[in-house]
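Quick note: the coordinates plus some simple rules give every number you see, no bench work behind them. Not measured: the values here are computed from a predicted model. Neighbour counts are summed over all protein chains in view; Cβ atoms, including those assigned to glycine, are modelled from backbone coordinates with ideal geometry.
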Amino acid sequence: MPWLVSAFVLITVAGLYGGLVLAPTDYQQGDSYRIIYIHVPSAWMSLFIYVVMAVAGAIGLVWHIKLAEIVAISSASVGASFTFIALVTGSLWGKPMWGTWWVWDARLTSELILLFLYLGVIGLYGAIDDKRTASRAVAILALVGVVNIPIIHYSVIWWNTLHQGPTVTKMDKPSIHVSMLIPLLLMALSFKFFYVIAMLQRARVELLQRERNAQWVKNLISGSK
Amino acid sequence: MIPKLQGIGLSCIRDDRLLFEQLAFEVLSGQILLLEGKNGSGKTSLLRIVCGFRQPDSGEIRWCGDAVNDSQFYAQMAYVGHLDGVKRELSVLENLKIAQSLNATGQYSINEALCKVNLAGYDDVLVQALSAGQKRRLSLARLLITANVLWILDEPFTSLDKQGIALIETLMTEHCANGGMIVLTSHHDIDLNDVDVLRINLS
Amino acid sequence: MSSMQEFFAMGGYAFYVWTSYGLTLIVLLANIIIPVTQRKRFLRSLALKQNRQ
Amino acid sequence: MSLTQAFFAIIRRDLVLALRRRSEIANPLLFFVLVITLFPLGIGAEPRLLQAIAPGVIWVSALLAAMLSLDSLFRSDFDDGSLEQILLSPHPTSVLVLGKIIAHWLVTGLPLLVVAPLLAVFLGMPNNSLGILLLTLLLGTPVLSLIGAIGVALTVGLRRGGMILSLLVLPLYVPVLIFAGNAVQMASSGLPVDAQINILISILLMALVLAPLPVAAALKMSIN
């Protein structure tokens, strides 16, 4: 764990320094483009975590592995957070670029729907009292979601090009300079580390709540007194 | 293949409470397994584990020596639970026909089964017009019209009068004599001649 | 000093850039703090329960 | 008995039940009509405006009507124990469940097609787009039932399943809404819509094949 945290801190500092200080100012967007270093990695993470959640859910569903169930549900809130960050930063970036807080841009719209999917997972888990049953429900839902996400994504892009034309795709730069790309990749890596750390924190709570009657929990309590 | 139902190392945790642990049983053809215990002791949970509705927290159920395989196991078992599993808006006959089409055909026809549970002549009556006891008997008639070796009964005697209870006891004796087996829960102690009754007390 | 100011001004986009980074920081911190406090609180309530028994 | 017999027995059973209950058919239909009548009242009866939003309005209302009707799909079977009996059948649950979904669509989805022309007239849609509207409804509403079934199957055991159901199901309805709504819009301006229709057909086929599996798994989970 300390190892993980220090790696995370190191990479994040490097990524932020590279992104905020070293990378040159964009000639079109000025410094506002620096939001990219959190917006884009968050958007990547939001999808990545959903896939991890579905895979972990499937493993839990098929082999009844408790750890996989816990990883699946612990990922949900972290994934939802990244989705939320991608949305908000997208909007904050959009304001100076488009002059309005919200544009029905393909990526933002997909992120919004993805956020709903995450909220559905979290809501469903919360609504079912028996946590083992709830994990199965979440796994089924995540699998259904993961099959649907490409379809949803595709349909949104299709809809977007139809209604707005290609002018709004400012966010997807055709080519990106290396000095801008490296911090971006560093930040993506940093977010992955963060995901693992945060997910493990949540997983510890989940595990504790599920196994509250197990001997190891009792030992832990007696030990802490 | 000799039908055999086994539970191996079963445990069940419900709402944070350990209901049973390392429970094992074996039921053979012609035997009855009676689950006893006070309310909330896990009788119904155990039945639902046997049905495959619930995953045990450890252990497994075996049918004929193998881990339960749904379609093969379900073709040989029938379940009557707390809920009657009959539709109120359908007639007695319609309900039984559905049951028949969902399962393999049993040794009795619908008419014979209705006679056996004292519901002869009720074919066209809607279920919502039946009394609780009649509904119970209707759901038991389902056991007779479908092919099954194993009966799983959750409190089969509730809402039945003395006659109804005697009726079920006869049906159970007959079923065991024909090589069937039964797992049931009951508050009411069963007293059957010539049937080997195993007991598990869960409290 | 002026380079520092320039850095924080973000070419006139300070509000958007720093709000983005700030919000991200808050959300990410919450993802660590909430489970940690939850865990502590849960352990405390379990300990209380155990003492009562 | 054979699987086909069981499959049709389930469909027949659910149709008979729906006929005896009736309100199950009428409610979503009334809702559909009502919501659409509210739009001109809310935004004004300017014909050009109505015409422009008609495809979207009809499709969004169809989505909501489909969602509203979902609860009846498994509710009564869950409450009276029939669902347990269906799950205990030696036949594959996914096939039996598909039968239930088809019956449900016949009862709640198909009637939408019957009233849609009337509503298209209300909203002043051009005649040439009516055929496409019906076609999209014919292809799209079964998808709504199929995807919705997953949501209900997950929530049927919950006391307050309604809110969460919409959260689970509506995002998954997005592709149908986009392609169907757009097809109708294009058709009203006289443009070809083959692409949208083909996509809708493939979505329908995919949903028919894939959706029953998670529904069966979810029902098994809900029953416990």
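Region D:78-139 and region B:81-112 have Cα centres separated by 27 Å. Here chain A is described by how far its Cα atoms reach on the three principal axes: 62, 39, 27 Å, from widest to narrowest. Taking 0.36 nm per residue of separation and subtracting the Cα-Cα distance, full extension of the segment from residue B:120 to residue B:38 would add 25.9 nm.
Using the empirical formula 2.2 N^0.38 Å as the baseline, the Cα radius of gyration of the protein assembly as shown reaches a ratio of 1.12. Return a whole-number percent for the relative contact order of region A:1-154, with Cα pairs under 8 Å and 6 or more residues apart as the contact set. Reported relative contact order: 26 percent. The calculated FRET efficiency for residue A:181 paired with residue C:52, based on their beta-carbon distance and R0 = 60 Å, is about 0.55. For the listed peptides A:51-59, A:196-204, a ranking on the average number of other beta carbons within 10 Å per residue, highest first, reads A:51-59, A:196-204. With a simple spin-label model that places each label point 7 Å from the Cα along the Cα-to-Cβ direction, the separation between residue D:121 and residue C:33 comes to 6.3 nm.
Normalised by the number of residues in chain B, the mean separation of alpha-carbon contacts (under 8 Å, six or more apart) gives a relative contact order of 31 percent.
Principal-axis analysis of the Cα atoms of chain D puts helix D:23-43 at an angle of about 30° to the longest axis. Using a cutoff of 8 angstrom between alpha carbon atoms and counting only pairs six or more residues apart, the relative contact order for region D:78-224 works out to 34 percent.
Between residue D:53 and residue D:41, the simple label model (points 7 Å from Cα in the Cβ direction) yields a spacing of 1.5 nm. The convex hull drawn around the Cα atoms of chain B, when projected onto a plane and averaged over every direction, covers 11.0 nm².
Each 10 Å bin from 0 upward holds the following percent of the Cα-Cα pairs of chain C: 21, 24, 19, 16, 12, 7, 1.
Per residue of D:5-12, other chain Cβ atoms within 10 Å of the residue Cβ number 3 on average. Per residue of peptide D:157-164, the mean number of Cβ atoms on other chains within 10 Å of the residue Cβ is 3.
In summary, chain D shows an alpha-carbon radius of gyration equal to 1.04 times the 2.2 N^0.38 Å reference for compact globular proteins.
Computed from Cα atoms, the angle from the helix C:14-52 axis to the main principal axis of chain C rounds to 10 degrees. Helix D:194-210 and the longest principal axis of the C-alpha atoms of chain D enclose an angle of approximately 10°. If the segment from residue D:159 to residue D:209 were pulled out straight at 0.36 nm per residue, it would be longer than the present Cα-Cα gap by 15.0 nm. Each stretch of four or more DSSP H residues adds -39500 (n - 2.57); spread over every residue of chain D, this sum gives -27000 deg cm²/dmol at 222 nm. Treating r as the C-beta distance of residue B:16 and residue B:165 and R0 as 35 Å, the FRET efficiency rounds to 0.45.
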